[in-house]
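Beneath this line is the structure, given in structure tokens, with notes to follow.
The values are calculated or read from the model by the stated rules, or taken from the named source; none is laboratory data. Values in this document were obtained by computation on a predicted structure and should not be read as measured data. For neighbour counting, all protein chains shown are included, and Cβ atoms are generated from backbone atoms with ideal geometry for every residue, glycine included.
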Amino acid sequence: MRLLLLFPLLALLAACATPPGPVTDQSHQRWQQRQARLLAFNDWHIRGRAALFVDDEVYNLGLDWQHDGRENRLTLEAALGQGMIRIRRLDGISELTTAEGERHTAADAEALLLQTTGWDIPVGGLEYWVRGVQRPGSDFRSTLDGHGRLQQLEQDGWWINYLDYGEAVDALPALPRRLYMKRGRVRIKIVIDQWQKAAPSRPDDLFPSF
């Protein structure tokens, strides 16, 4: 299923990164502390928006993602009710459900999404990258800002740029709000509107306007 959407992205495209402060020894110490806290942060719920660019095609998606230590539930909803994909991963098995009710299962959520929709979205890595931390068990290169937060990350063939962080909440360090990712001919822009530890009730409309 390929959904070609031409929804305006002016606000997202106009966004720019805030220049980081100087990186010091203290920045690296803060980063070590952040890594431990973020990797232990397994119970979270985010709501936001994503724009997936593949060559000249643009897919605008509402994003709703609930994650805990055992289960992963990711919903991607196209603008104007033009389609929805739900991915649920439980005990190492991923299940994808389309808006038409079709169900597909596989061990690899990323391969399942690519095979079913044609969307190259690195679900396995993204569950770490949205937190602002690298995926364990894979080589990476990174650049920090002066606050000891990831500014850039290269991992699994993806280049991730952290454009903005929110304020620290619930005794957790500041979490990413805007990311830009690319690999080959694929680019992804993500805006996270809401971070929560406790999962809120799911609203009917997942796609807020840009």
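Things worth noting here:
- Count - residues of the stretch 110-148 that are assigned to a helix (DSSP H, G or I), under 30 Å from residue 33 (Cα atoms) and not charged (D, E, K, R): 6
- Note on the stretch 160-174: residues that are of a type in the set (A, V, I, L, M, F, W, C) and either buried (at least 16 other Cβ atoms within 10 Å of the Cβ) or modelled with pLDDT of 95 or more (or both) total 4.
- Selected residue (criterion: surrounded by the most Cβ atoms within 10 Å (Cβ to Cβ)) from residues of the stretch 64-87 that are of a type outside the set (S, T, N, Q) and in contact with a Lys or Arg (Cβ under 6 Å, 6 or more places away or on another chain): 64
- Verdict on residue 45 being surrounded by fewer than 21 Cβ atoms within 10 Å (Cβ to Cβ), modelled with pLDDT of 90 or more, at negative phi and in contact with a helix residue (DSSP H, G or I) (Cβ under 7 Å, 6 or more places away or on another chain): no
- Taking the stretch 85-102 as the range and being more than 16 Å from residue 68 (Cβ to Cβ) and either acidic (Asp, Glu) or touching a Phe, Trp or Tyr at 6+ places or on another chain (Cβ under 9 Å) (or both) as the test, the residues that pass are 85, 95, 100, 102.
- Residues of the stretch 85-97 classified as closer than 12 Å to residue 75 by Cβ and of a type in the set (S, T, N, Q), total: 1
- Screening residue 95 on (1) surrounded by 10 or more Cβ atoms within 10 Å (Cβ to Cβ); (2) free of Cβ contacts under 8 Å to residues at least 12 places away in the same chain; (3) more than 17 Å from residue 121 (Cα to Cα) shows it passes everything except condition (3).
- For residue 29, the conditions (1) more than 23 Å from residue 189 (Cα to Cα); (2) without any contact (Cβ under 8 Å) to a residue 60 or more places away in the chain all hold with the exception of (2).
- Positions within the stretch 128-166 being farther than 22 Å from residue 44 by Cα and either in contact with a helix residue (DSSP H, G or I) (Cβ under 8 Å, 6 or more places away or on another chain) or among the polar types (S, T, N, Q) (or both), in sequence order: 138, 142, 143, 144, 145, 146, 147, 152, 155, 156, 158
- Test for residue 55: is it at positive phi, touching a Lys or Arg at 6+ places or on another chain (Cβ under 7 Å) and modelled with pLDDT under 90: yes
- None of 103, 141 is farther than 18 Å from residue 76 by Cα and in contact with a strand residue (DSSP E or B) (Cβ under 6 Å, 6 or more places away or on another chain) except 141.
- Residue 179 vs. criteria surrounded by 16 or more Cβ atoms within 10 Å (Cβ to Cβ), among the aliphatic types (A, V, I, L, M), without any contact (Cβ under 8 Å) to a residue 24 or more places away in the chain and in a strand (DSSP E or B): no
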